[in-house]
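Asker: The structure's right below; bear with me while I get my questions together.
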Amino acid sequence: MKTVIVYFSLDGNTDYAAKRIAEKTGAGLLRLKPEKEYPKSGIMKMFVGGRAAMSSPVWAGRCAPPVHTFLGENDLTGRTVAYFCCHAGGGPQKFGEMMRAALNGCRIAAEADFRDPYTKRCDGTDARIDEFCGRLEAGAGRN
């Protein structure tokens, strides 16, 4: 079975993490794109992104609307999945609860959150992503 990383990235953080995970695991990449691009900076980025996050349930502790749409349109029941989120410091616990509820009926192989893995890289960033890859591979092998 082919492993695919399905993700959305606005600022490059999730893109960085997804590409590193794909490199370490050999998984394919499927980058989700919104129907209408979000502003990338300034007050409109916060206004439009905040409005989108509140109207469809990581932004403010919720998954980005393209991810929410993907989960709503694809039945993953019975599949083995793993998820990670990239955030600026708030909401990963709330996001984890939401993802576990959305993935009810799936076997979750691994979970992780990374704080600004691209824009604010530190010595431990890649090590944390690599550690997630190890848990992912170990979790995918369990029956």
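Asker: Report the label-to-label distance for Ala140 and Glu73 in nanometres (one decimal), using points 7 Å from each Cα along the Cα→Cβ vector.
Answerer: 2.4
Asker: When the accessible area of the stretch 84-142 is computed with all protein chains present and a 1.4 Å probe, what percentage of it is carbon and sulfur? If you can, show how the numbers build up before the last one.
Answerer: Working: 1620 of 3290 Å².
Of all accessible area on the stretch 84-142, carbon and sulfur atoms account for 49 percent.
Asker: Amide H to amide H, which residues 5 or more places from Arg79 or on other chains are under 5 Å from it, using H placed in the peptide plane?
Answerer: Arg107
Asker: A further question follows. Which net charge results for the neighbourhood of Glu97, defined as the other residues with beta-carbon distances under 15 angstrom from its beta-carbon, given Lys and Arg at +1 and Asp and Glu at -1? Before the final figure, lay out the partial values.
Answerer: On the way: positive: Arg62, Lys94, Arg100; negative: Glu111, Asp113.
In short, +1.
The values are calculated or read from the model by the stated rules, or taken from the named source; none is laboratory data. What you see is a predicted model; the values in this text were computed from it and never measured. Quick reminder, even Gly has a Cβ in these numbers, built from the backbone with ideal geometry, and neighbours come from all protein chains shown. To get the accessible areas, we keep the full protein, side chains included, count just its heavy atoms, and leave off ligands, DNA and RNA. Shrake-Rupley method; radii C 1.70, N 1.55, O 1.52, S 1.80 Å.
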